[in-house]
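Have a look at the structure below, then the notes.
The values are calculated or read from the model by the stated rules, or taken from the named source; none is laboratory data. Just so you know, these numbers come straight off a predicted model, no measurement behind them. For neighbour counting, all protein chains shown are included, and Cβ atoms are generated from backbone atoms with ideal geometry for every residue, glycine included.
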């Protein structure tokens, strides 16, 4: 069945692989193509874009997109098992493709954002989209409108735990001004753990828990005491299987195996003594049956042992409550685990990367009316522009865009990115490529309109 996608006929084809074919009646004219984008699609391997070929037969031009070994987001189990974290990673992956397309001189407006035509190669980090290099895409609804429709479609297929809470979280995403702002909100949710769902506790047997008193002694370095707690009891149902595990499971196979060996030996002795053909077939059958029984009992003996009531009673009898008071050092001294810090509060541990200090004295230095001023750069980032509500207000300079440039912290390094401003941003005299992150070093000079900032870190 041929579907219609943005005014084009969309059909599936198989030519040594699977392809999507876009065409139109009566035909697609050559003048409708955007020349530069067409060349980039045909000559470059663009990350996040389905491989594209153009086929022309008798003035009939067809766009072919190969999706072999890929599946669309709207089919199969991929759509019915979304969690909040999966949803966030999918949307972040799509926005990253829209951001990076400028590197290949493509326009985000000409991407198809229908989940039925967004393909995945197995993970959310390997998404690929359709790109239509035709001028007719300029007449389609705005990118923000189609992006919100895509979010709504993906949200309908998610497996929510709390409808009210998750719906409120989704409404915040819908209220974002653009897809870049939506990506920032999702990144914040992932870093804060808001998107990660906690796993439920298993209802199996639990160890006895010991509560350590939360007093000022723990902070000052004194050795706290362990509070007394009742011993843990293991409860089972009154009725237990009559023929399960224990000594019987180990004894019965030995008796049976002995009988099998005796019967098999007698049958073969009778055949040797009489040489009757019928006894030969009987001996072979008994031997095969013996091997089958041996294998069955061997498999039964390798299964996990089922705990009986008497075993649990013995276990409960060995559990003794911890007497109070008891020092933490004494309690952990016999443990085979690495518990040095629990015994010696002043012990030295290896430095973890996540404990490395984040630079706090980072700022932009600039000259205003002969006065040197500093603009602090926080670890959360800095947004430069003319909008006084969300960016750093830079007076009323019309040469500065509302959202001009952004400084972000990634892995203890600061990066500068031009947000597609009209007049551009220069770093050390070189103009930045829009939406591409560039590493900042101490002493770098950042120029925006008549402002010149010196990065200090």
Single condition residue 12 does not satisfy, out of (1) part of a strand (DSSP E or B); (2) under 29 Å from residue 182 (Cα atoms): (2)
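Among the residues of the range 365-384, write down those that are over 19 Å from residue 402 (Cβ atoms) and buried (at least 17 other Cβ atoms within 10 Å of the Cβ).
Across the range 365-384, the qualifying residues are 366, 377.
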All but one of (1) surrounded by fewer than 18 Cβ atoms within 10 Å (Cβ to Cβ); (2) more than 37 Å from the chain's Cα centre (by Cα) hold for residue 451, so report the exception by its number. (1)
Name, by its number, the condition in (1) touching a helix residue (DSSP H, G or I) at 6+ places or on another chain (Cβ under 7 Å); (2) modelled with pLDDT of 60 or more that does not hold for residue 349. (2)
Exactly one of 414, 403 is surrounded by 20 or more Cβ atoms within 10 Å (Cβ to Cβ) and in a loop (DSSP other than H, G, I, E, B), and that one is 403
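Yes/no matrix, rows are residues, columns are (1) at pLDDT 90 or above; (2) under 12 Å from residue 133 (Cα atoms); (3) surrounded by 14 or more Cβ atoms within 10 Å (Cβ to Cβ); (4) touching a strand residue (DSSP E or B) at 6+ places or on another chain (Cβ under 8 Å):
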site: 4; (1), (2), (3), (4): no, no, no, yes
site: 19; (1), (2), (3), (4): yes, no, yes, yes
site: 25; (1), (2), (3), (4): no, no, no, yes
site: 33; (1), (2), (3), (4): yes, yes, yes, yes
site: 51; (1), (2), (3), (4): yes, no, yes, yes
Scan the range 428-438 and give yes if some residue there is closer than 19 Å to residue 185 by Cα and either in contact with a strand residue (DSSP E or B) (Cβ under 7 Å, 6 or more places away or on another chain) or at pLDDT 85 or above (or both), otherwise no. yes
Within the range 117-142, work out how many residues are in a helix (DSSP H, G or I) and in contact (Cβ under 8 Å) with a residue 40 or more places away in the chain. 4
Within the range 102-116, work out how many residues are closer than 14 Å to residue 143 by Cα and assigned to a helix (DSSP H, G or I). 3
